[in-house]
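Here is the structure we will look at.
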Amino acid sequence: MLLTNFHSIKNQLPNHVQLVAVSKTHPVERIKSIYDAGQRVFGENKVQELMEKQPQLPSDIQWHLIGHLQTNKVKYIAGFIDTIQSVDSEKLLEEINKQAEKHNRKIKVLLQVKIATEDTKYGLEISETKELFLKFIQGCFPNIAIVGLMGMATFTNDQQQVKNEFMFLKRLYDQLSLQYPLQTLSMGMSDDFPLAIECGANSVRIGSAIFGDRDYSK
Ligand SMILES: *Cc1c(COP(=O)(O)O)cnc(C)c1O
């Protein structure tokens with residue numbers, strides 16, 4: 001089932017769209033199966049879980065952190081993380097920059113923008129996003145590369161609303177791209193990735209459609 005799901009998702013993605021396979025709650029054996037089928041980019045949302053899995057899996061996996069990150073935990077992943085998709089404050093950006101410098105590397109990040117109407121979702125306001133981006137362009141974070149934007153749409157059956165939120169983020173992405181080249185617009189999950197791609201996403205974060213339902217009781 002796992003590999004069938006994986007290949008089915010791959011077949012639905014245009015060539016220019018990157019797949020981030022969201023492996024949270026799933027054991028390393030299942031991640032390894034997908035790895036062996038050719039997948040290299042995986043997403044986790046918890047630092048603790050990522051730290052346990054990373055040493056048990058091949059070192060050429062590009063790990064993306066996709067969940068809310070507390071500043072005091074950046075140090076645990078700074079040595080190996082490929083991309084932090086969930087940057088939602090200046091304080092966090094500063095800490096990532098500091099820890100990346102310690103490891104003598106540059107860490108790729110996406111600014112997570114709040115596009116949903118629910119107040120449970122983390123993310124920067126539009127004005128904050130623009131301010132942070134400007135500071136980045138001015139050279140404030142030398143050990144960070146802001147490579148794009150990430151957003152999560154409202155959890156709703158209203159396709160028009162979801163579409164509006166995705167289109168909104170795409171417009172912001174295009175606007176910022178005029179000031180400095182960006183490469184990644186991360187939006188779309190198992191339930192809404194075709195719509196996200198239609199709206200301009202070039203990276204999607206897909207978990208349950210590949211790995212099946214998550215069991216949080218374990
Ligand atoms: C869990 C998660 C996903 C994947 O969700 P699915 O619906 O299982 O595809 C995508 N993005 C973020 C930020 C997540 O936490």
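The values are calculated or read from the model by the stated rules, or taken from the named source; none is laboratory data. Just so you know, these numbers come straight off a predicted model, no measurement behind them. Reconstructed Cβ throughout: ideal geometry from the backbone, glycine too, with neighbour counts over all protein chains shown. Ligands, DNA and RNA are excluded from the accessible area calculation, which covers all protein heavy atoms including side chains. Shrake-Rupley method; radii C 1.70, N 1.55, O 1.52, S 1.80 Å.
Summary table below
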quantity	calculated
Exposure ranking of TYR122, TYR216 by accessible area [1.4 Å probe, largest first]	TYR216, TYR122
Where only C-alpha atoms are counted, convex hull volume of the range 72-207 per residue in Å³	107 Å³
Neighbourhood net charge (15 Å Cβ-Cβ; Lys/Arg +1, Asp/Glu -1) for LEU149	+1
Computed accessible area, ARG214, all protein chains, 1.4 angstrom probe, square angstrom	80 Å²
Accessible surface of GLU125 - all protein chains present, 1.4 Å probe, nearest 10 Å²	100 Å²
Accessible-area value, VAL22, 1.4 Å probe, nucleic acids and ligands omitted, Å²	10 Å²
Rel. contact order, % - alpha carbon contacts under 8 angstrom, at least six apart, the chain	21 percent
Rounded if a/c under 1.5, otherwise prolate or oblate - the range 137-218, Cα gyration tensor axes	oblate
Carbon plus sulfur fraction of accessible area for the chain, probe 1.4 Å, in percent	48 percent
By accessible area with a 1.4 Å probe, ligands and nucleic acids excluded, highest first: order of SER89, SER186	SER89, SER186
Within-15-Å neighbourhood charge of LEU185 [Cβ basis; K, R +1; D, E -1]	+1
Distance-filtered residues of the range 75-98 - backbone nitrogen under 14 Å, label point 7 angstrom along LYS46 Cα→Cβ	none
Computed [θ] at 222 nm, helices only, for the chain once each DSSP H run of length n ≥ 4 contributes -39500 (n - 2.57)	-11000 deg cm²/dmol
Computed label-point distance, nm, for sites GLN179 and SER33 using a 7 Å Cα→Cβ extension	4.5 nm
Heavy-atom SASA rank of ASP36, ASP174 (probe 1.4 Å, accessible area, largest first)	ASP36, ASP174
